[in-house]
Amino acid sequence: MNNFTCVFCGRKLNPTEINKKATVCQNCFGKARVDKIQTEGFLKENFTKTWSVTLFKNYVLFLKELGISITTICRHTSKVLQVLQIAENELLKPSNINEGWLISTLEKIPNSKGVKSSLFNFLIKEGYLSLNADEGILTSIREGLKQVPKGFIRLLEIYFNEKMELRNRQVKFNARKPLSLLTVKADIEIFVRLVRWFQINCKDIESWDTVQQEDVHEFLLSLTPKHREIVRKDLLVLFKLAKRKRIITHIPILDIKSRELPPTIEPLTFDEQVRVARLIKISHYEQSLECLLTTLCLYHGLSSSHIRNIKISDIKVDQKAIYINDRPPVYLSNDEMVLINEYITQRSNIRNVQNKTFLILSSTLSEVYQDRPINNAFIARKVKAFCGFTPKSLRITCFNMIASNFGPQLLVEGFGLSLTQASRYGKLEDYLLEEQIRAERNFIKENGT
């Protein structure tokens, strides 16, 4: 076995390479891979825009200059290839790349944690990211704190400093989702808003230790019900901090369990669902685009962002399926396949369609030479005009019907919802309990006891 050597460099193959019956060592294989990803053929096959090609080539050169191993270069470039492909679809130009977009994109790509550091440093070197990108947010927070009266400022400064210490600690230990500065800014804005409200409506309150429970409740009642619960929880955190720091002697707000608010959008009634279904069936050919959009919302629970990013290559005709990022595939019925075929036929009449990669297209002149997804407003306008309901109400109807008939667990496994989202359409424990009761009743009926 020790006589096995690489056919290129002559290095002895390791036992793993020999077991795989390889004739080339891992290092030579990696070098060939790195050479291949820099060829014009590979770049044309994987990219559609010049700026993304330039960025990818420069990134490979950047890694070579760092002197890291060939294996690491292969691993990093495969992840950055996916990042830049997503960038082509979601961004108009490389200057639109920012820290928030980059972090959210890397989270979508499996095992991409190791590439973050090199990619960030490369983009900083290229001038697309700044080391002081957060400075604008920090400046805004500090400017807001300057407007706070003397009796209230100390607590807010303590809160801000503690949150910054938490964020810095998370960044230091490479936390997957460090505390966002925008979150800190939003919290500070809520507290500043409360102080301003005190200045206008409760002029006798000059510091935190004179705030009473009825004052806070009166402020909360001035907010909308949906916003009120969020603000209440933020204020509870602030007042607990104030008591711990001995700025106040009591917490002027009740520490109660968060209440579940009633839904702001109700699902369609059964009669309304029947009317929409009939409308889709009789309008297959006259309004194929509107029918397709409505079908994807009502029957498959797709959001506008999911629909707008569907590409022609995502449709697998032989499997009767559409593959969607971040959720299980959408499997189509025969009627839906007919509907897609009809829309594809009408889509072929749009100018420059041969250069378009997305399924849903706009026929306006401003979009003729742009290969980019339509916006959410386009989908909302088409669906609302067609059936009289918004895409969101149709999506909620879909999830509500699935949960009521098959249980909310199916929303997690079949539609890609989180457990928190699925629980809004039904309690997992309640459904399992009902299933157990039904099974016991069937057993008793069958056995006659």
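The values are calculated or read from the model by the stated rules, or taken from the named source; none is laboratory data. Given the structure is predicted, the values throughout are model-derived calculations rather than measurements. Cβ atoms come from the backbone with ideal geometry, glycine included; neighbour counts cover every protein chain shown.
Observations, loosely collected:
- Exactly one residue out of L156, L179 is surrounded by 15 or more Cβ atoms within 10 Å (Cβ to Cβ), within 26 Å of the chain's Cα centre (by Cα) and at pLDDT 80 or above: that is L179.
- Any hit, the stretch 141-148, residues being modelled with pLDDT under 90, closer than 30 Å to G114 by Cα and among the hydrophobic types (A, V, I, L, M, F, W, C): no
- Any hit, the stretch 121-133, residues being under 21 Å from V237 (Cβ atoms) and not in a helix (DSSP H, G or I): no
- Condition check for E40: acidic (D, E), modelled with pLDDT of 80 or more and surrounded by fewer than 17 Cβ atoms within 10 Å (Cβ to Cβ): yes
- Condition broken by N325, with the remaining ones in (1) at pLDDT below 90; (2) surrounded by 12 or more Cβ atoms within 10 Å (Cβ to Cβ); (3) assigned to a helix (DSSP H, G or I) satisfied: (3)
- So P373, is it touching a strand residue (DSSP E or B) at 6+ places or on another chain (Cβ under 6 Å), more than 14 Å from L298 (Cα to Cα) and surrounded by 16 or more Cβ atoms within 10 Å (Cβ to Cβ): yes
- Filtering K108, K116 for residues that are touching a residue at least 40 places away in the same chain (Cβ under 8 Å), under 30 Å from T54 (Cα atoms) and either surrounded by 17 or more Cβ atoms within 10 Å (Cβ to Cβ) or not assigned by TED's automatic domain parsing to the domain that holds K203 (or both) leaves a single hit, K108.
- Meets criteria (surrounded by 13 or more Cβ atoms within 10 Å (Cβ to Cβ), in contact with a Phe, Trp or Tyr (Cβ under 6 Å, 6 or more places away or on another chain) and not assigned by TED's automatic domain parsing to the domain that holds P373) for L81: no
- Only residues that are in contact with an Asp or Glu (Cβ under 7 Å, 6 or more places away or on another chain) and either within 20 Å of Q147 (Cβ to Cβ) or in contact (Cβ under 8 Å) with a residue 40 or more places away in the chain (or both) were counted in the stretch 199-238, giving 3.
- Scanning the stretch 329-346 for residues that are surrounded by 19 or more Cβ atoms within 10 Å (Cβ to Cβ) and either more than 25 Å from L411 (Cα to Cα) or over 28 Å from the mean Cα position of the chain (by Cα) (or both) returns L339, Y343.
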